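What follows is a single structure, written as structure tokens, with notes after it.
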Amino acid sequence: MEQREAPLLDVRDLAVEFHVGGTVQRAVQGVSLSLNRGRTLGVVGESGCGKSVTSLSIMRLVPQPPGKYAGGQILFDGQDLLTLSESEMRKLRGGRIGMIFQEPMTSLNPVYTCGHQIEESLSVHSGLSKKAARERAIEMLDLVGLPSPKSRVDDYPHQLSGGQRQRVMIALALANDPDLLIADEPTTALDVTIQAQILDLMGELRSRTGAAVMLVTHDLGVVAQTCDDVVVMYAGRVVERAPTADLFADPQHPYTVGLMAAVPRIDTAVGRLATIPGTVPPPWSKIAGCRFASRCPLASEQCRTQDPPLRDLSPGHGVACWHAPIEVAA
Amino acid sequence: MSAMLEVRNLTKHFPIRRGVLRRVVGNVQAVNDVSFDVGEGETLAIVGESGCGKSTIGRTLLRLLTPTGGTVALDGTPVMDLSDDDMRQMRRQMQIIFQDPFGSLNPRMTVAETLAEPLLLHGLATRDDVAQKVADLLETCGLQPWHAGRFPHEFSGGQRQRVGIARALATRPRVIVCDEPVSALDVSVQAQIVNLLKDLQAKFGIGYVFISHDLAVVRHMASRVAVVYLGRIVEEAPVEELYATPRHPYTRSLIAAAPRPDPAMRNVRAPVQGDLPSAMNPPSGCAFHPRCPLAQDRCRSERPELRQLGKARVACHFAEAEPVIETAGEHRQSDALRQRLAVLEAAREKEKT
Ligand SMILES: Nc1ncnc2c1ncn2[C@@H]1O[C@H](COP(=O)(O)OP(=O)(O)OP(=O)(O)O)[C@@H](O)[C@H]1O
Ligand code: SF4
Ligand code: SF4
Ligand SMILES: [Mg+2]
């Protein structure tokens with residue numbers, strides 16, 4: 001792993017809380033991750049583990065209140081995004097930082113044509129003239145594989161299928177040549193044959209533009225197929241971090257092991273599916289030790305009382321578990 | 001020999017109405033000529049992408065929707081001919097579980113009330129023993145006794161699905177239609193529910209019609225699989241056969257497109273281009289032809305009938321041809337994963353004792 005280059009994105013010890021109905025939910029606690037130019041980082045974990053809050057934080061889109069940035073730094077090209085003014089952030093969003101969400105309708109405005117939205121973004125962020133913006137919008141729609149872009153540029157989002165809307169959103173996100181693309185479950189709502197098309201497209205565009213990509217997903221298959229590095233989150237924490245090949249070859253954290261084993265296989269018949277008994281602790285619960293302890297068969301007294309820090313077992317492969325590496329009989 | 005559940009030529013068209021007079025200007029052919037059997041203790045999976053008519057098949061066969069045509073028989077009794085009164089009795093035998101158990105559970109009823117209702121309605125419990133029967137159901141479905149007094153919003157997604165299953169199970173049905181029962185759940189919870197459904201089937205001999213878009217989950221659940229495209233079955237086969245030798249190009253592309261959790265096997269190259277066509281305006285001939293890499297002139301004009309090919313039924317003119325869509329072979333699961341899983345499971349066993 002080359003670590004000399006300063007990372008494009010360096011999240012350090014991020015903490016985000018939600019204050020709801022007199023309780024404090026620690027949605028994200030002490031999350032650190034970094035991403036270099038030209039790389040794709042997967043953020044994987046189950047519902048509510050804080051993936052989306054992490055990505056929303058980078059764009060400074062966590063609603064406040066009830067949300068609150070409770071600590072840490074988000075260094076983007078050396079600058080702490082948490083200290084920027086809202087107008088400075090607005091310049092970055094859709095400019096140097098592009099975003100794609102699961103549901104395109106949340107970022108596409110239904111009352112404007114697809115072309116208009118891309119043109120608007122080009123004129124705000126890149127100062128393109130009306131004519132140049134329109135040409136570039138059509139070029140982008142063509143690039144993302146929207147059929148007959150010259151006529152569809154004047155379509156409204158609701159006139160498109162789910163897959164086509166996702167293509168338009170990618171065109172919008174990439175219009176201004178962002179350095180960083182944040183994609184939160186970009187294919188989760190799509191059918192599997194369309195998902196494959198969109199993943200293909202994202203891979204192609206990434207190698208073409210050199211943008212760094214942070215891909216948030218709950219799908220280990222998608223991670224294996226598209227990411228260089230992975231961060232596994234559980235209950236608001238990073239529990240494991242590794243290059244993708246290492247994570248799949250040598251999963252260390254008991255949660256990662258359980259998660260991988262629970263994925264049903266399409267390629268071969270197996271008997272019973274492995275499960276992780278129990279459920280994720282509710283976000284308001286106060287847990288002194290490891291957050292996985294209530295479901296972990298290896299949990300010891302230390303686990304229940306002290307929070308395990310993320311430590312490197314090998315270069316680049318970090319695990320937050322007191323008992324890692326798990327001893328296996330030779 | 002007749003199967004427990006026989007579905008024959010099931011068809012459901014929805015009228016499209018336009019204008020102030022709401023005149024019928026056409027129809028959506030949501031389900032066309034669908035036939036299959038489900039035996040006792042057997043799972044027939046129905047797979048396909050969104051809008052292909054999977055859920056409509058499930059609802060129509062339960063008479064939650066009125067079919068445009070076709071018949072359904074349970075243990076030889078023609079379901080579509082039953083009077084409303086007789087149908088109410090029949091409902092006991094034919095239950096459904098939904099993707100979103102929250103939407104189907106009454107938010108103002110406790111779990112005990114939710115489960116007691118069908119038991120009392122069908123005379124399967126009395127006021128005296130209903131509490132005990134509810135407790136038994138909870139235990140069967142992996143819930144705790146104290147869950148009885150709770151409301152749906154107090155449960156996690158997986159627990160709510162357990163309640164949904166318990167409610168379906170209450171009347172001791174012969175058949176349960178499971179409509180995407182695990183799609184909204186996280187994988188670790190999904191695995192728990194899949195195992196629960198299989199255990200219940202083994203115990204009570206229930207037949208499942210298991211509707212899903214996820215071919216990996218289906219592989220674990222199904223005895224046989226029917227692949228549906230635009231309202232028609234395009235392939236149906238025993239589960240091992242369907243995955244070992246998928247014959248329809250659409251089946252092959254569904255299997256090929258599933259991203260494998262193995263970075264050494266980067267299989268995601270979109271197997272087919274283009275979108276699902278609209279069911280309001282289906283393509284001529286074979287509905288799959290605009291996306292099919294094998295399509296010939298014949299495919300554009302002549303609809304392929306579902307025909308028997310060995311143990312499978314396939315609707316493709318060229319089902320015998322050399323397949324062109326690669327489906328990717330077995331992926332690797334690392335030794336480290338298997339060994340560590342074994343350690344964790346051994347420790348879990350030890351905890352129990
Ligand atoms: N606006 C909000 N108000 C209150 N709590 C919130 C808000 N947004 C998120 N949370 C809480 O923060 C925690 C992390 O949520 P987050 O959306 O990041 O999860 P996620 O990993 O993206 O899950 P999913 O896979 O379901 O998208 C959850 O407990 C959630 O309930
Ligand atoms: S720290 Fe302890 S409880 Fe947490 S995952 Fe490791 S062994 Fe399990
Ligand atoms: S009938 Fe023709 S178009 Fe249809 S699946 Fe077969 S080869 Fe493809
Ligand atoms: Mg999310």
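The values are calculated or read from the model by the stated rules, or taken from the named source; none is laboratory data. Just so you know, these numbers come straight off a predicted model, no measurement behind them. Note that each Cβ is placed from the backbone with ideal geometry, even for glycine, and that neighbours are counted across all protein chains shown. These area figures cover heavy atoms from the full protein model, side chains too; ligands, DNA and RNA do not enter into them. Shrake-Rupley method; radii C 1.70, N 1.55, O 1.52, S 1.80 Å.
Figures for the structure shown
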quantity	calculated
Peptides ranked, highest mean first, by Cβ atoms within 10 Å: ranges A:297-304, A:164-171, A:85-92	A:164-171, A:297-304, A:85-92
Size of charge dipole - chain B - debye, nearest 20, with Cβ of Lys, Arg +1 and Asp, Glu -1, no other charges	760 debye
Net dipole in debye of the protein assembly as shown [+1 Lys, Arg Cβ; -1 Asp, Glu Cβ; about Cα centre; nearest 20]	1100 debye
Inter-site label distance for B:Leu82 and B:Ala135 at 7 Å from Cα along Cβ, in nm	3.2 nm
Per-residue mean of C-beta atoms belonging to partner chains within 10 Å, peptide A:205-216	0
Cβ charges +1 (Lys, Arg) and -1 (Asp, Glu), total dipole of region B:229-352, debye	220 debye
Environment charge at A:Thr279 (Cβ cut-off 15 Å; Lys +1, Arg +1, Asp -1, Glu -1)	+2
Interface residues, region B:184-209 - accessible area loss of 40 Å² or more versus chain alone, probe 1.4 Å	B:Asp186, B:Val187, B:Ser188, B:Ala191, B:Gln192, B:Asn195
Region A:239-321: C-alpha pair distances exceeding 22 Å, %	34 percent
For chain B, diffusion coefficient by Stokes-Einstein and Kirkwood Rh (Cα), 37 °C, 0.692 mPa s, µm²/s	148 µm²/s
Summed residue charge, Cβ within 13 Å of B:Pro261's Cβ, Lys/Arg positive, Asp/Glu negative	0
Positive-end extreme of charge dipole, the protein assembly as shown - chosen from B:Gly53, A:Phe248, A:Ile182 (charges on Cβ)	B:Gly53
Modelled FRET efficiency - R0 25 Å, B:Lys352 with B:Ala202, Cβ distances, 0.05 increments	0.75
Simple label model, 7 Å out from Cα along Cβ direction - B:Ser50 to B:Glu322, nm	3.8 nm
With every protein chain in place, region B:229-352: carbon and sulfur % of accessible area (1.4 Å)	49 percent
Rg/Rg_ref, chain A, where Rg_ref = 2.2 N^0.38 Å and atoms are Cα	1.04
A versus B: buried accessible surface, summed, Å² (probe 1.4 Å, to nearest 100)	5200 Å²
A:Ser123/B:Arg338 FRET efficiency (R0 51 Å; Cβ-Cβ; nearest 0.05)	0.40
Which of B:Ala295, B:Pro246, B:Gln339, positive extreme of dipole for region B:229-352 (C-beta unit charges)	B:Gln339
Residue-normalised accessible area of region B:194-335, given per residue in Å² at a 1.4 Å probe	41 Å²
Net charge of neighbours whose Cβ lies under 14 Å from the Cβ of B:Ile96, counting Lys and Arg as +1 and Asp and Glu as -1	+4
Inter-chain shielding of A:42-54 (mean C-beta neighbours from other protein chains, 10 Å cut-off)	1
Over 26 Å [Cα-Cα, region B:229-352], rounded percent	37 percent
Förster-model FRET efficiency, 51 Å R0, A:Leu82 and B:Ser301, C-beta, rounded to 0.05	0.20
For region B:321-348 and region A:22-47, distance of Cα centres in Å	27 Å
Alpha-carbon centroid distance for the pair region A:82-115 / region B:1-71, whole angstrom	42 Å
Share of carbon and sulfur in the accessible heavy-atom surface of chain A [1.4 Å probe, %]	51 percent
Mean Cβ neighbour count within 10 Å, used as a protection proxy, ranking B:331-340, B:184-193 highest first	B:184-193, B:331-340
Helix-only [θ]222 nm of the protein assembly as shown, DSSP H runs n ≥ 4, -39500 (n - 2.57) each, per residue, nearest 500	-9500 deg cm²/dmol
Equivalent ellipsoid semi-axes - Cα gyration tensor, the protein assembly as shown, angstrom	40, 34, 25
Cα-derived Rg over Rh, computed across region A:110-241 with Rh taken as Kirkwood radius	1.00
Accessible solvent surface per residue of chain A, calculated while the other protein chains remain in place, 1.4 angstrom probe, Å²	41 Å²
Label point distance in nm, B:Leu309-B:Asp75, each placed 7 Å from Cα along Cα→Cβ	3.8 nm
Residues whose placed amide H lies under 5 Å from that of B:Gln273, excluding near-sequence neighbours	none
Neighbouring partner chain Cβ atoms per residue of B:214-223, average, 10 Å criterion	3
Within a Gaussian network of chain B (alpha carbon springs, distance under 10 Å), most fluctuating of B:Tyr243, B:Tyr208, B:Tyr229	B:Tyr243
Charge dipole of region B:229-352 about the Cα centre (unit charges at C-beta), most positive-ward option of B:Phe318, B:Gln308, B:Ala270	B:Ala270
Over 23 Å (Cα to Cα) - which of B:Lys54/B:Lys198; B:Lys133/B:Lys203; A:Lys91/A:Lys150; B:Lys198/B:Lys350; B:Lys12/B:Lys198 fall in this group	A:Lys91/A:Lys150; B:Lys198/B:Lys350; B:Lys12/B:Lys198
Under the Karplus curve 6.51 cos²θ - 1.76 cosθ + 1.60, θ = phi - 60°, whole-Hz ³J(HN,Hα) for region A:207-212, x wherever Gly or Pro sits	5, 6, 9, x, 5, 7
